[in-house]
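First up is the structure itself, then whatever we jot down about it.
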Ligand code: NIG
Ligand code: FE
């Protein structure tokens, strides 16, 4: 079969294909090729390898792109974001700088609840336009798949509007959007005196969301003064009965036992884990739960980082994501997340690329189609304007992404979005 497109003269090709594992998580075991080519046909990877392009792949109309010895990687998967919401919260910055804790701002009716008020008032068009702009910027940093959670509606109508916006974004933007229902993100103002009543509301939303096919995953904010372990267990178990795959915001700020619950339920992933216990790490390992780490949130909140080296040494499968949201982490830049992972979490470039490609794809159950460049998988890839992988983690704070391809189509050209 002949290729539509061949990228050749690639200095370093991170395929993210997993090689034979030396331990259970083995964060270093991805394939990295040198002096390589990547051939695409009908939006899928047709062939790849080291050395010259095999003549058998070429025909007259095959488009050739010279990568000029630069780095090519799979499209980055941002597997944890709170994509659709309205407004911003820079008004909380002085409080944050003075040291008022994140959960205290929430208790006073600010934080998530202030975004809920703005999101409920926003029109569908406003929600769509804001998130569309965010996706363009994420794309410019090399992201081709994004997970997005609801959780700023906290009533049926606006939760559904958020999830419908995810669907519309998925259909209209080159980035794939994986949708997660997170009605249990906080207790809304109107249920302040009756939080159990809100849990009943969430339970009623589950079958409606599922019937409308608006979300694959269900997530919950298991946190001190938000939803405790028992409530989280109840909601997640009900969600599973309705066919949702499970995620949990666990041990983000207070060590509550969220990771232990993730292990008990065998969720797909547990998110944040800044305050995880040793038992929690063991439970995630034994139950094959992916540890989804969000270091830009720790950076932005001035909190401790999750104990990633300990997790990797234990053998956990670690993913890295942005946690893009209007409060704890208004960050659309996955390269900043990767820079923080290098400098602060002491992850190696190989571990980081594994965490933002194949492991992140596993965290959203898309590893059959994205997350690595292998024959038959989607031709989603990024050309970084650098000569080796280390450079991305050495020259920090700037965007090294030059070109992005989604299903073999160029959607970012010289740093500018270029899809039609
Ligand atoms: O993942 N932890 C809960 N949710 C978000 C923050 C949401 C917000 O502050 O608006 C998070 O950090
Ligand atoms: Fe989050």
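The values are calculated or read from the model by the stated rules, or taken from the named source; none is laboratory data. Bear in mind that the values here come from a model prediction, so they are computed numbers and not experimental data. So basically every Cβ, Gly included, is an ideal-geometry build from the backbone, and we count neighbours across all protein chains shown.
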Within the stretch 318-327, does at least one residue satisfy the condition of being within 16 Å of ligand 1 (Cβ to nearest atom), out of contact with any strand residue (DSSP E or B) (no Cβ under 9 Å at 6 or more places or on another chain) and not assigned by TED's automatic domain parsing to the domain that holds residue 32?
yes
Quick count over the stretch 30-42, residues being touching a residue at least 40 places away in the same chain (Cβ under 8 Å) and surrounded by fewer than 16 Cβ atoms within 10 Å (Cβ to Cβ), is 1
Can you confirm whether residue 368 is surrounded by fewer than 20 Cβ atoms within 10 Å (Cβ to Cβ), at pLDDT 95 or above and under 23 Å from residue 48 (Cα atoms)?
yes
Of (1) more than 16 Å from ligand 2 (Cβ to nearest atom); (2) over 17 Å from residue 148 (Cα atoms), residue 244 fails just (2)
On the given criteria, is residue 362 over 15 Å from residue 291 (Cβ atoms) and at pLDDT 95 or above?
no
State which residue is surrounded by the most Cβ atoms within 10 Å (Cβ to Cβ) when the search covers only the stretch 306-333 and only residues that are touching a helix residue (DSSP H, G or I) at 6+ places or on another chain (Cβ under 6 Å) and more than 21 Å from residue 77 (Cα to Cα).
314
Selection status of residue 146, farther than 19 Å from residue 231 by Cα, assigned to a strand (DSSP E or B), within 16 Å of ligand 1 (Cβ to nearest atom) and within 20 Å of the chain's Cα centre (by Cα):
yes
